[in-house]
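Working notes for the structure below.
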Amino acid sequence: MTIKFNGDPMVLAGPLTIAALLTQLDLDERRVAVEHNLVIVKRTVYDSLVVNDGDTVEVVNFVGGGSRYQLRTTTAW
């Protein structure tokens, strides 16, 4: 089957749940937001919502890090 994933076609072996798709893509479901056919998906239904042929899935991965302080190193000889 073929879905549209983040705007690009993606071929999958068959229908699978949102949770299975995220696992297949090695994405941590605690760090993403998912939209399925223009509807934001609650995490509570990731295990039951099935992605079918022709569906559209958008996934936004949250990335943390950085600091407002920059580490400076000085070398005194």
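The values are calculated or read from the model by the stated rules, or taken from the named source; none is laboratory data. Note that the structure is predicted; figures quoted are calculated from it, not measured. All Cβ positions, even for glycine, are placed from backbone atoms using ideal geometry, and neighbour counts span all protein chains on display.
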Members of segment 13-23 found to be modelled with pLDDT under 95 and of a type in the set (A, V, I, L, M, F, W, C), listed by number:
13
In segment 1-19, which residues are assigned to a loop (DSSP other than H, G, I, E, B), more than 11 Å from residue 56 (Cβ to Cβ) and touching an Asp or Glu at 6+ places or on another chain (Cβ under 8 Å)?
1, 15
May I ask you to list pairs of residues, at least six apart or on different chains, whose Cβ atoms are under 7 Å apart, with the first in segment 42-55 being within 15 Å of residue 12 (Cβ to Cβ) and the second being polar (S, T, N, Q)?
49/17; 50/17; 53/2; 55/37
If the Cβ limit is 9 Å and pairs must be 6+ apart or interchain, which residue in segment 56-71 that is within 25 Å of residue 16 (Cβ to Cβ) and among the charged types (D, E, K, R) pairs with which residue that is part of a strand (DSSP E or B) and modelled with pLDDT of 85 or more?
58/4; 58/5; 58/33; 58/34; 58/35; 58/36
State all residues of segment 36-46 that are over 14 Å from residue 60 (Cα atoms) and surrounded by 13 or more Cβ atoms within 10 Å (Cβ to Cβ); if no residue qualifies, say none.
37, 45, 46
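Yes or no, residue by residue, for (1) surrounded by 14 or more Cβ atoms within 10 Å (Cβ to Cβ); (2) modelled with pLDDT of 95 or more; (3) not aliphatic (A, V, I, L, M):
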| site | (1), (2), (3) |
| --- | --- |
| 6 | no, yes, yes |
| 34 | yes, yes, no |
| 48 | no, yes, yes |
| 65 | no, no, yes |
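From 26, 53, grab the single residue that is under 12 Å from the mean Cα position of the chain (by Cα), charged (D, E, K, R) and either surrounded by fewer than 13 Cβ atoms within 10 Å (Cβ to Cβ) or at pLDDT 95 or above (or both). Explain how you work it out, then say what you get.
Values: 53 fails: under 12 Å from the mean Cα position of the chain (by Cα).
Result: 26 is the single residue among 26, 53 that is under 12 Å from the mean Cα position of the chain (by Cα), charged (D, E, K, R) and either surrounded by fewer than 13 Cβ atoms within 10 Å (Cβ to Cβ) or at pLDDT 95 or above (or both).
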